[in-house]
Amino acid sequence: MRILIADDHLVVRKGLINILSIKFPFATIGEVSTTEELIGEVFKEDWDIVISDIDMPGRSGLEAIQQIKQFRPKLPILILSFHSEHLYATRVLRAGASGYLKKDMAAEELVEAIHKIMAGKKYISATVAEMLAEDLDAPGSDVPHELLSDREFEILRQLATGKSIIEIAELFSISPSTVSTHRARILAKMHMKSNAELTLYVFENKLGESSPKPEK
């Protein structure tokens with residue numbers, strides 16, 4: 001088995017490598033720390049599964065999933081994130097990921113997820129299963145942020161942290177004018193007029209950072 005780990009925190013990568021080396025002693029395990037390195041490695045080498053964070057330097061993790069699936073549609077991707085399921089789980093599954101786990105999961109759950117995904121199935125927690133069921137029961141959700149594209153959703157969250165247009169452009173490696181265009185679309189779709197309204201919405205709907213990340 002060839003496993004590729006993508007995470008910008010060294011301590012997380014080494015922890016995962018330690019767990020996987022014990023559970024899969026004959027596996028070849030690679031590691032990268034940015035979305036660009038992840039995409040490059042997937043294009044360059046054949047991997048059996050990718051285990052990736054959603055927040056890394058460079059382009060959006062959601063965008064990376066979509067690009068990987070276009071090039072290698074059968075490559076399973078398991079997302080590990082500090083964010084709660086309600087924030088990203090349905091989006092990453094729609095983007096093509098095979099599963100979503102929070103980083104506070106037990107090692108046994110990670111191993112179970114890998115086995116299930118390698119068998120060609122999806123791995124979702126009970127929380128995510130309930131969310132998906134609710135989506136089916138209520139198609140055409142009128143929740144404003146669900147109307148946003150993945151890139152717009154990412155930019156919404158960054159605007160709510162107080163980042164400037166230029167800072168967001170640098171974060172996602174896009175032009176400031178592109179960020180401004182996305183911001184205008186976000187405001188229009190959500191029927192809002194200012195960053196202050198967007199920030200309040202993100203806070204009230206708990207769309208911001210769900211828990212602190214470890215030091216790199």
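Since every read-out is calculated from the coordinates, none of them should be taken as a lab result. Since the model is a prediction, treat every value here as computed from it, not as a measurement. Cβ placement follows ideal geometry from the backbone for every residue including glycine, while neighbour counts extend to all protein chains displayed.
How much of the pair distance distribution for the chain lies past 25 Å, counting alpha-carbon pairs only, in percent? Cα-Cα pairs in the chain separated by more than 25 Å: 40 percent.
Within the stretch 144-204, the percentage of alpha carbon pairs spaced more than 19 angstrom apart rounds to 18%.
Only the Cβ atoms of Lys and Arg (+1) and of Asp and Glu (-1) were treated as charged; on that basis the dipole of the chain about its Cα centre amounts to roughly 340 debye. Model label points for Glu109 and Thr161, set 7 angstrom from Cα along the Cα-to-Cβ axis, are 2.4 nm apart. Counting every other Cβ atom within 10 Å of each residue's Cβ, Glu170, Glu108 order from fewest to most as Glu108, Glu170. For the pair Thr34 and Ser180, a Förster radius of 22 Å applied to the C-beta separation gives a FRET efficiency near 0.30, rounded to the nearest 0.05.
Between Val143 and Lys121, the simple label model (points 7 Å from Cα in the Cβ direction) yields a spacing of 2.6 nm. When the listed pairs Lys23/Lys122; Lys69/Lys122; Lys69/Lys103; Lys14/Lys44; Lys44/Lys102; Lys14/Lys116 are checked against a 25 Å cut-off, the alpha-carbon distance exceeds it for Lys44/Lys102. Placing +1 on each Lys and Arg Cβ and -1 on each Asp and Glu Cβ, with no other charges, gives the stretch 144-204 a dipole about its Cα centre of roughly 180 debye.
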